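Single-structure report; data block below.
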Amino acid sequence: MKRTCAALLLLAATCAAATEIPLAERRSSYETLSPETKAMQDDDTANPAMLWVLEGETAWSRKTGEANKSCADCHKGAGETMKGVAARYPAFNEKRNAPVDLEGRINICRTEQQKAPAFPYENRELLALSAFIARQSRGLPIESKDPRLKPFIDQGRTLFEARQGQLNLACSQCHDDNFGRKLAGIPMPQAHPTGYPVYRLEWQSLGSLQRRLRNCMIGMRTEFYPYGAPEYVALETYLMWRARGMKVESPAVRP
Amino acid sequence: MARALINVPAKAKRGEVVAIKTLISHIMETGFRHSTTGEAIPRDIITTLVVTYNNAEIFRAELSPAIAANPFLTFHTVATESGTIAFRWTGDNGYDVSEQATITVE
């Protein structure tokens with residue numbers, strides 16, 4: 001009996017260790033970058049993502065749609081009104097009764113306020129706007145306090161921990177259990193979305209967190225969701241909660 | 001639309017070595033790739049960057065298909081006199097972008 005208890009305890013302990021990284025041990029994958037890539041991210045005149053930020057700044061005050069309104073017409077200067085916004089997205093949207101991510105929010109503004117067609121995902125102007133907005137939160141801590149997000153965080157966690165695809169692999173097996181060890185010669189990150197939209201050297205372009213999730217799912221040989229799927233938003237909501245308190249680096253550079 | 005990011009120090013001492021950084025938005029399509037339907041994607045790259053300092057050429061780069069998208073080029077020059085540093089990128093399909101920055105030498 002004693003032995004069974006001990007075994008059960010041991011099992012419980014390993015399970016606990018496998019589920020979550022203690023808050024103080026969380027690290028941004030910035031720390032595993034090469035000095036060259038770090039230098040690229042740190043210097044705004046060398047960070048290629050700043051090209052999108054500059055485009056976003058122009059798009060911010062461009063009037064568009066049937067309403068002939070620009071973002072700036074409602075939100076004024078992004079430096080003040082958008083400060084900290086990206087740090088708390090995906091945020092709960094009452095009308096939809098679900099969280100929406102930053103790209104989704106931009107498209108809601110676009111279709112409802114500007115009366116313009118929604119941008120397709122990974123569209124250059126959408127990425128430019130989200131990079132410009134996210135840039136206003138750089139250095140601020142990620143926030144996830146809204147209690148209405150709870151069921152979506154749980155859904156995201158379930159997806160994160162579920163084994164899937166031909167490799168029968170769960171996100172958490174790499175990012176919770178084996179971070180820091182190497183996969184194809186590259187240290188596996190803890191998967192904290194601190195720098196999105198991110199300039200990925202492999203993509204030679206800026207990309208959203210949804211594109212990154214899709215990328216992992218291709219690697220796991222699982223069927224990925226279409227862009228904008230609620231599953232992605234739930235994963236994003238969970239990942240932002242998981243990274244709560246960590247500093248926003250957007251737009252970051254990654255290999 | 002912002003296409004290029006250049007960083008030239010606004011002020012410098014005479015004779016000082018200054019760093020100049022340029023970053024430009026470009027896909028740098030190699031010409032060696034094929035689309036999902038199997039057609040060759042034609043080459044579309046920046047081929048040349050020429051930088052002049054008060055109309056005298058100080059830096060020239062010939063770019064090739066192996067260079068990544070959004071090329072970042074940085075070099076040093078000696079600040080000799082106040083004036084304009086002008087950048088011109090040219091490439092395939094009539095690509096031609098110019099930018100300039102002013103430098104005050106004391």
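No lab work stands behind these numbers, since they all come straight from the coordinates. None of these values were measured; they are calculated from a predicted model. A quick note on method: Cβ atoms are made from the backbone with ideal geometry, for glycine too, and the neighbour counts reach across all protein chains shown.
Dipole size of the protein assembly as shown about its Cα centre, with +1 on Lys/Arg Cβ and -1 on Asp/Glu Cβ: approximately 1080 debye, rounded to the nearest 20.
So what's the net charge close to A:M188: Lys and Arg +1, Asp and Glu -1, counting the other residues with Cβ under 12 Å from its Cβ? Overall, the nearby charge balance is +1. Think of the protein assembly as shown as having a plus end and a minus end, set by charges on the Cβ of Lys, Arg, Asp and Glu; of A:S250, B:G38, A:G56, A:S250 sits farthest toward the positive end of this dipole.
A simple charge model with +1 on the Cβ of Lys and Arg, -1 on the Cβ of Asp and Glu and nothing else charged puts the dipole of the range A:149-255 at about 200 debye relative to its Cα centre.
Determine the equivalent ellipsoid of the protein assembly as shown by diagonalising the alpha-carbon gyration tensor, then write out the semi-axes as square roots of 5 times the eigenvalues, largest first, rounded to whole Å. In descending order, the three semi-axes are 41, 25, 21 Å. Split chain B at each of the trypsin sites (Lys or Arg not before Pro) in a DSSP loop with at most 16 other beta carbon atoms within 10 Å, and the longest piece is B:44-106. The distance from the alpha carbon centre of the range B:1-31 to that of the range A:26-89 is 20 Å, rounded to a whole number. Comparing B:E39, B:E16, B:E81 in a Gaussian network model of chain B (Cα springs below 10 Å), the most mobile by mean-square fluctuation is B:E39.
Against chain A, whose longest principal axis is taken from its Cα atoms, helix A:2-19 shows a tilt of about 20°. Note on the range B:47-106: semi-axes of the ellipsoid equivalent to its C-alpha gyration tensor, largest first and rounded to whole Å, are 24, 12, 9.
When the charge dipole of the range A:123-206 is built from unit charges on Cβ atoms (+1 for Lys and Arg, -1 for Asp and Glu) and taken about the Cα centre, the candidate among A:M188, A:S172, A:W203 whose Cα reaches farthest toward its positive end is A:W203.
Hey, for a label at B:T30 modelled as a point 7 Å past Cα toward Cβ, could you say which residues of the range B:81-97 have their backbone N under 19 Å away? Residues B:92 fall inside that zone.
Shielding value for A:47-54 is 5, the average number of Cβ atoms from other chains within 10 Å of each residue's Cβ.
For the range B:10-53, the calculated P(r) over all alpha carbon pairs, in 5 Å bins from 0 to the bin holding the longest distance, is 5, 13, 18, 14, 11, 10, 9, 7, 6, 4, 3, 1 percent.
Greater than 22 Å separation of Cα atoms is the criterion. Which listed pairs, A:K76/A:K115; A:K38/B:K21; A:K83/A:K145; A:K63/A:K145, meet it? From the list (A:K76/A:K115; A:K38/B:K21; A:K83/A:K145; A:K63/A:K145), the Cα-Cα distance tops 22 Å for A:K63/A:K145.
Each label point was placed 7 Å from the Cα along the Cα-to-Cβ direction; for B:I41 and A:K115 their separation is 3.8 nm.
Each Lys and Arg Cβ is given +1 and each Asp and Glu Cβ -1; about its Cα centre, the range B:1-46 then shows a dipole of about 420 debye. Across chain A, Cα pairs under 8 Å and at least six residues apart give a relative contact order of 26 percent.
Between A:Y227 and B:N55, the simple label model (points 7 Å from Cα in the Cβ direction) yields a spacing of 4.9 nm.
Shielding of peptide A:34-44 by partners, expressed as the average count of other chain Cβ atoms within 10 Å per residue Cβ, is 1. Here the Gaussian network model covers chain A, with springs between Cα atoms less than 10 Å apart; of A:I142, A:I186, A:I153, A:I186 fluctuates the most.
Charged neighbours of B:D44, selected by a Cβ distance under 12 Å, balance to 0 (K, R count +1; D, E count -1).
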